Amino acid sequence: MAKKVQDALKDLVSLCKRRGFIFPGSEIYDGLANTWDYGPYGSELKRNIKDLWWRKFVASRPDVLGLDSSILLNPKVWQASGHVGNFSDPLIDCKACHERFRADHLLEEKLGEGCTVGKNFQDIAAMIVENQIECPSCGKKDFTEPRAFNLMFQTEIGVVEGAGNKVYLRPETAQGIFINFRNIIDNVRPKMPFGVGQIGKSFRNEITPGNFIFRTREFEQMELEFFCEPGTEVEWYGYWKKFCMNWLLQDLGITSKKLRMREHAPEELSHYSNGTSDVEYEFPFGWGELWGIASRTDFDLTQHQKESKVKQEYFDPIANKRYIPYVVEPSLGVDRLLLVLLCDAYDVEKLSDGEERVVLHFHPSVAPVKAAVLPLVKKGKVKEVAESIFQNLISRFNVEYDETQSIGKRYRRQDELGTPYCITVDFDTIGEGDDVDLSKKGKVTIRDRDTMQQELVAIEDLEDWLAKRVR
Ligand SMILES: [Zn+2]
């Protein structure tokens, strides 16, 4: 499995490095397993994703507020949320080679799609034996009993080491929202129903991370907690499932046949959830979770009310009643969505001249570079005009200027960056030189990345032309 996965992703991983999207972490020191750094184009892509999410889910909605809470929280938060007691994976060791694995992952790999591995460790142990699971490293079938491995990273706060100073790096951004619920209703006074969204880093000490940036120990989340009156949560759960799917399809342009919604079976649900769905994407290594949408009832707020003794009730002045709201949580990982966008955009195309081109068909709204300005020659008036077009556009769009190499090679480079438009300035544009076509004076040629068709656009219309297409 691991080998097959590597092959499926190999070309994409290599493109990501070659073109400055994603670099292996700490590479000059031989790396640090499962860490990745976003390069110039990857960081731009990531920022676009976060901006688009924030605009769609927070800024453009009168019923959703923003938040930016701390990574380090009082450890009591994680007691209340259940993360100290329950946030663990079933860890097993191979008795022969001592390599460690997640028992549920080994079972899922062996039994394939659609198999259900429950949370009970005794059942998992029995399934490992029944299905004759082999160690992926050495092939033996002799494992220890599964035991709980807590996924939270621990560290110490302050200058004195020892008990009482222990804190955790947050394993999710959601609890930062729940512990500010009281602050928000008392001070900002939103009317029910309303949501609170935030984007931030989270940390999970995964036993078996992998598949490039699919599962990493440090990752960024875009979380939304939508609070509503008990009894209305089923309706809101349905609403957010549709809203999220529409965003992926319409705003981000992800291929619809590679997306599916999978409703969790009752035995898969957390004890407090009355409905959970995953939006799944067909990665090169198979279907995998992209987005979890969960109806979480009043579990979190009730837990915090018990642990903190601070009331977590909302008072509805019109109906004159008090209640702890229910919550629907549509939350997804930035890095995972970024991987989906890369996989979905990546294509190797055979051209009519027999050549091949590698191209990233990004939706213009997520593309890290919106347009490239390419002068046909790097001197004289052609260069001057191209530079002035570039200067004019860069105040508004992320554009590049490139005058090196042949025009064909420059097109290929922009194709690999996923730049939707290449703007070429030539002798026709400036209306000077032999055999110029004077009808093209003052116009540039714009090449479309996907169709490779060319279109003439007047220089003075360029900004509007681009604004209409890249948003
Ligand atoms: Zn082994």
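The values are calculated or read from the model by the stated rules, or taken from the named source; none is laboratory data. These numbers were taken from a predicted model, which means no experiment stands behind them. Don't worry about glycine lacking a Cβ; one is built from the backbone with ideal geometry, like all the others, and counts go over all protein chains shown. Ligands, DNA and RNA are excluded from the accessible area calculation, which covers all protein heavy atoms including side chains. Shrake-Rupley method; radii C 1.70, N 1.55, O 1.52, S 1.80 Å.
Give the long-range amide H neighbours of Tyr401: residues separated by 5 or more places, or on another chain, with amide H under 5 Å away, using H modelled in the peptide plane at 1.01 Å from N.
Val373
In the chain, with Lys and Arg counted as +1 and Asp and Glu as -1 at Cβ, which of these residues, Leu224, Gly197, Gln312, has the Cα nearest the positive end of the dipole, that is, farthest along it?
My answer, from the dipole projection, is Gln312.
Under a crude label model (7 Å from the Cα following the beta-carbon direction), how far is Thr35 from Val84 in nanometres?
My value for the distance between the label points is 2.8 nm.
Roughly how many whole Å is it from the C-alpha centroid of the stretch 420-463 to that of the stretch 345-380?
16
Shape call for the stretch 326-380 from the C-alpha gyration tensor, a ≥ b ≥ c root eigenvalues: rounded (a/c under 1.5), prolate (a/b greater than b/c) or oblate?
Cα axes put the stretch 326-380 in the oblate bin.
Taking 2.2 N^0.38 Å as the expected size of a compact globular protein, what ratio does the Cα radius of gyration of the chain give against it, to two decimals?
1.15
Provide the per-residue ³J(HN,Hα) series for the stretch 173-181, in order, calculated from phi with Karplus coefficients 6.51, -1.76, 1.60 and θ = phi - 60°, each as a whole number of Hz, with x at glycine and proline positions.
In residue order, the calculated couplings are 8, 4, 5, x, 6, 4, 6, 9, 4 Hz.
May I ask you to list the aspartates and glutamates whose Cα is less than 16 Å away from that of Lys441, ignoring any residue fewer than eight positions away on the same chain?
Output for Lys441: Glu384, Asp426, Asp428, Glu432, Glu455, Glu460, Asp461.
Apply the Karplus curve 6.51 cos²θ - 1.76 cosθ + 1.60, θ = phi - 60°, to the phi angles in the stretch 54-64 and return the couplings in whole Hz, x for Gly and Pro.
Along the stretch 54-64, the couplings run 4, 5, 6, 9, 10, 4, 8, 10, x, 9, 10 Hz.
Can you give me the Cα centroid spacing of the stretch 197-223 and the stretch 90-163 in angstrom?
19
Assuming 0.36 nm per residue, please report the length gained on full extension of the stretch Glu356 to Ile71 beyond their Cα-Cα distance.
Working it through step by step, the gained length comes to 98.0 nm.
Measuring from label point to label point, each 7 Å out along Cα→Cβ, what is the Glu99 to Ser395 span in nm?
5.8
Along its three principal axes, how long is the stretch 88-150 when you only count alpha carbons? Whole Å, largest extent first please.
Here the Cα extents, ordered largest to smallest, are 29, 25, 16 Å.
Among the GluC sites (Glu not before Pro) in the stretch 352-439, which ones are in a DSSP loop with at most 14 other Cβ atoms within 10 Å of the Cβ? Mind listing them?
Counting only loop positions with at most 14 other Cβ atoms within 10 Å, the GluC sites (Glu not before Pro) in the stretch 352-439 are Glu355, Glu432.
Quick one: if you stick a label point 7 Å off each Cα along the C-beta vector at Asp316 and Glu229, how many nm between them?
Calculated label separation equals 0.2 nm.
Whose amide H sits under 5 Å from the amide H of Lys201, counting only residues 5 or more places off or on another chain, with H placed in the peptide plane?
Distant-sequence amide H within range of Lys201: Gln221.
In whole Å, how far is the Cα centre of the stretch 23-42 from that of the stretch 242-276?
Centre-to-centre distance over Cα atoms comes out at 31 Å.
Rounded to whole Hz and in sequence order, give me ³J(HN,Hα) for the stretch 355-369 from the Karplus expression 6.51 cos²θ - 1.76 cosθ + 1.60, θ = phi - 60°, writing x for Gly and Pro.
Per-residue couplings from phi come out as 6, 10, 10, 9, 9, 9, 8, 5, 4, x, 6, 9, 3, x, 10 Hz.
Which FRET efficiency value, to the nearest 0.05, is calculated for Gln250 and Glu206 with the Förster distance at 35 angstrom and r the Cβ-Cβ distance?
In this case the efficiency is close to 0.60.
For Gly275, list long-range residues whose amide hydrogen, built 1.01 Å from N in the peptide plane, is under 5 Å from its own amide hydrogen.
Ser295
Just the Cα atoms of the stretch 369-470: what Rg and Dmax do they give in Å?
Spelled out, the Cα radius of gyration and Dmax of the stretch 369-470 are 12.5, 35 Å.
Kindly provide the helix-only [θ] at 222 nm of the chain, computed as the sum of -39,500 (n - 2.57) over DSSP H runs of four or more divided by all residues, to the nearest 500 deg cm²/dmol?
-9500 deg cm²/dmol
Would you compute the Debye intensity of the stretch 1-112 from its alpha-carbon atoms alone, equal scatterers and no solvent, and pass along log10 I(q)/I(0) at q = 0.10, 0.14, 0.21, 0.23 Å⁻¹ to two decimals?
Here log10 of I(q) over I(0) equals -0.61, -1.12, -1.12, -1.13.
Using 10 Å bins from zero, what percent of all Cα-Cα pairs in the stretch 155-293 falls into each bin?
So the P(r) values, bin by bin, are 9, 29, 37, 18, 6, 0.
Suppose the chain between Gln132 and Asp434 were pulled fully straight at 0.36 nm per residue; how much longer would it get relative to their current alpha carbon spacing?
Additional length available on full extension: 101.0 nm.
Which order do Trp247, Trp287 take by accessible area at a 1.4 Å probe, largest first?
Per-residue accessible area, sorted high to low, gives Trp287, Trp247.
Once the piece of chain linking Leu456 and Asn183 is laid out straight, how much longer is it, given 0.36 nm per residue of separation minus the C-alpha distance between them?
Length gained between Leu456 and Asn183: 92.7 nm.
Please identify which residues in the stretch 440-456 have an amide N closer than 14 Å to a label point set 7 Å out from the Cα of Ser388, following the Cα→Cβ vector.
Zone members listed by number: 442-444.
Among the listed pairs Lys10/Lys50; Lys191/Lys311; Lys350/Lys379; Lys56/Lys242; Lys119/Lys241, which are separated by more than 22 Å between their Cα atoms?
Lys10/Lys50; Lys350/Lys379; Lys119/Lys241
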